[in-house]
Amino acid sequence: MVDINGKTRLIGLIGNPVEHTLSPVIHNGISKGLGVNSVYVPFKVESEGLADAVKGAYELNVLGMNVTVPHKNRVMESLLEIDEAAKQIGAVNTLVRMDGGYKGYNTDMLGLSRQIKEDGISLEGETVVILGAGGAAKAVVYMCLTEGAGKVYLLNRTFEKAEVIAKDMNTLQMGTVIVPMALEDYRQINEERLIVFQATSIGLAPHVEDVVLSDKEFYKKVKIGVDLIYNPANTRFMQLVTEAGGKAYNALKMLLYQGVIAYELWHDIHVPQDIVNDIYVELKRNVYPKDNIVLIGFMGSGKTTFGKALAEKQNMNFLDTDAFIEEQAGKPIAKIFEEDGEDYFRKLETEVLTRLRDTVTNTVFSTGGGMPLRTSNARLLKEIGRVYYLTAANQVIYERVKEDSNRPLLQCENPYERICMLMKERAPLYERAADVLVDTNSTDIEEVCGKIMEDYGTQHGNRVK
Ligand code: NDP
């Protein structure tokens, strides 16, 4: 969060409810990353107060607002201007300040469009199936029109809703044919290699086993499936797509990009991709929280000693990433470097971390001293769990490792100087990769583990034993 002062600009969200919104993670994260002096706050607004809220926001010099359920449609009555796409979709989720009022945009559609481009999906000339005909589905239909899809089948439980959307969108005559259909008529689609957008609310956690269409025959025709639901990360719909040989994606990036695009509109700036990637990691951590503990730091900072003690106290598993990589490669790290080269080792490291992220829970990780120095690894470690940087004075580190001949980095004339030099380079990178810094100058296991557990307890209260 930025330091609030007289120049701080307010951005925010109006909706009802707003308590579970992830948007503050996106917008406050970007402001922090860019050093922009704006703060994002959610506001619960009742339907009767919507017009007053928009007017009040303008009078309070609020820079911009997001709008969520149930106000995305009715908010249009309170705006000075509405972007053409938002007008056609009939929903506004972003208000951008202008002279005299706000202009409304629909960045949901733009966000999904940016996500699919990033995932290498083109709709040009394709046959698309959209499951659902609610607010989100309508934005997907419009995206298909703007991206030149050949034909769109719009399937809905309530046929009439699909029919209304198709009629509206077909009158735009943008070259894409929209065919409304009742959901149960899906067998009438004869085309193959379909791109399917799942835009119903079926399958959302905790109803993770539910799926809007369960017929495996249908999925044999699907080459790409995008589920607008992102929680769980791998929905039943996505599983059916991949089991039948297609590629499947959830739409967490849609959420990310609708926010990034809104932020760019409000502040008239471009958010660099490295900040976007950091925010994506934070979003994933919020949506799919992991219970692992990750210890990072220089050699001699106590990652193994304290890690093993922590694992025992907390009844968790212990995993040393270097040992794990050596086991996977079937040879020591020094030999991997020697025989396969550093590039190969880095690739292996990233592959291993990705696999561990997707599979391991309830574990204390002790990481190699060089591992968090690469930005991509640092991001993966944050996705694996809460990251603690074990710090110690250079002199303390030296005392701990000076007798150890298994430290190739320190096989030199003046190891203390080497430690000082390396720490000067590495400390800022360790700090950037960490959630929390833990002083380990004391070797008292109770004290160090206590500090970690105190913080971990605030994140995973019920898990502290
Ligand atoms: P709506 O409530 O407007 O629409 C819900 C849709 O789901 C309708 O088509 C409805 O059909 C269908 N549906 C609901 N229950 C059933 C059922 N039992 N059987 C068959 N169909 C059913 O929701 P939205 O369009 O706003 O959102 C749809 C999904 O997209 C949500 O899960 C939401 O979380 C997700 N979403 C994701 C975003 C992202 O950033 N990734 C952004 C926006 C939405 P019917 O018309 O017959 O009732």
- Query: If the chain between T350 and N406 were fully stretched, how many nm would it gain, using 0.36 nm times the residue separation less the Cα-Cα distance?
  - Reply: 17.7 nm
- Let me know the charge dipole size of the chain about its Cα centre in debye, to the nearest 20, where only the beta-carbon of Lys, Arg (+1) and Asp, Glu (-1) is charged. 300 debye
- Pop the C-beta distance of H207 and S47 into the FRET formula with R0 = 25 Å and round what comes out to the nearest 0.05. 0.35
- Query: Rounded to the nearest 0.05, what FRET efficiency do E59 and E81 have when you use their Cβ-Cβ distance and R0 = 25 Å?
  - Reply: 0.85
- Note on the structure: Percent of all alpha-carbon pairs of the range 334-465 at distances over 22 Å, whole number, is 48 percent
- Query: Using the reciprocal of the averaged 1/r over all distinct C-alpha pairs, how large is the Kirkwood radius of the range 116-263 in Å?
  - Reply: 15.2 Å
- All aspartates and glutamates inside 19 Å of K103 as judged from Cα atoms, apart from same-chain residues fewer than 8 positions distant: D52, E59, E77, E81, D83, E84, E264, D268
- Item | Over the range 192-294: Rg over Rh, Cα atoms, Kirkwood Rh | 1.05
- Unit charges at the beta carbon, dipole of the chain: most positive-side option, Y219, V276, H71: H71
- Task: Would you pull out the residues with amide H under 5 Å of G368's amide H, same chain only if 5 or more places away, H placed 1.01 Å from N?
- Result: T321, D322
- When each of K284/K347; K55/K138; K87/K138 is checked by Cα-Cα distance, pairs over 18 Å: K284/K347; K55/K138
- From the phi of every residue in the range 367-372, what ³J(HN,Hα) in whole Hz does the Karplus formula 6.51 cos²θ - 1.76 cosθ + 1.60 yield, where θ is phi - 60° and glycine or proline is x? 10, x, x, x, 4, x
- Message: If you restrict to DSSP beta bridges whose two residues both lie in the chain, what percentage is antiparallel, to the nearest 5?
- Response: 15 percent
- With r defined as the distance between the Cβ atoms of T458 and K308 and R0 fixed at 30 Å, what FRET efficiency is calculated, to the nearest 0.05? 0.80
- Query: What residue among V2, P24, V396 has its Cα farthest toward the positive end of the dipole of the chain, where the charges are +1 on Lys, Arg and -1 on Asp, Glu, each on the Cβ?
  - Reply: P24
- Message: Averaging over every viewing direction, what projected area does the convex hull of the Cα atoms of the range 1-50 cover, in nm²?
- Response: 3.7 nm²
- Message: Give the aspartates and glutamates whose C-alpha is closer than 13 Å to that of K331, dropping any in the same chain fewer than 8 places away, or say none.
- Response: D322, E339, D340
- Task: List the pair-distance distribution P(r) of the range 92-140, using every Cα-Cα distance, as the percent of pairs falling in each 10 Å bin from 0 up to the bin containing the longest distance, rounded to whole percents.
- Result: 21, 42, 26, 10, 1
- In terms of the charge dipole of the range 153-310, which places +1 on Lys and Arg and -1 on Asp and Glu at the beta carbon, the residue among N156, L265, I296 farthest towards the positive end is I296
- Can you pull a Stokes-Einstein diffusion coefficient for the range 259-321 at 4 °C (1.567 mPa s), Rh from Kirkwood over Cα pairs, as a whole number of µm²/s? 87 µm²/s
- Message: Give the average over all directions of the projected area of the C-alpha convex hull of the range 135-201, one decimal, in nm².
- Response: 4.4 nm²
- Evaluate the Debye formula for the chain with equal point scatterers sitting on the alpha carbons, no solvent, and hand back log10 of I(q)/I(0) at q = 0.08, 0.11, 0.13 Å⁻¹, in q order, two decimals. -0.59, -0.99, -1.20
- Task: Would you calculate, for the chain, the mean residue ellipticity at 222 nm contributed by helices, counting each DSSP H stretch of 4 or more residues as -39,500 (n - 2.57) and dividing by all residues, to the nearest 500?
- Result: -13500 deg cm²/dmol
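No value in this document is a laboratory result; all are computed from the given coordinates. All figures in this text were calculated on a predicted structure; none of them were measured in a lab. Please note: Cβ atoms are built from the backbone with ideal geometry, for glycine as well, and neighbour counts cover all protein chains shown.
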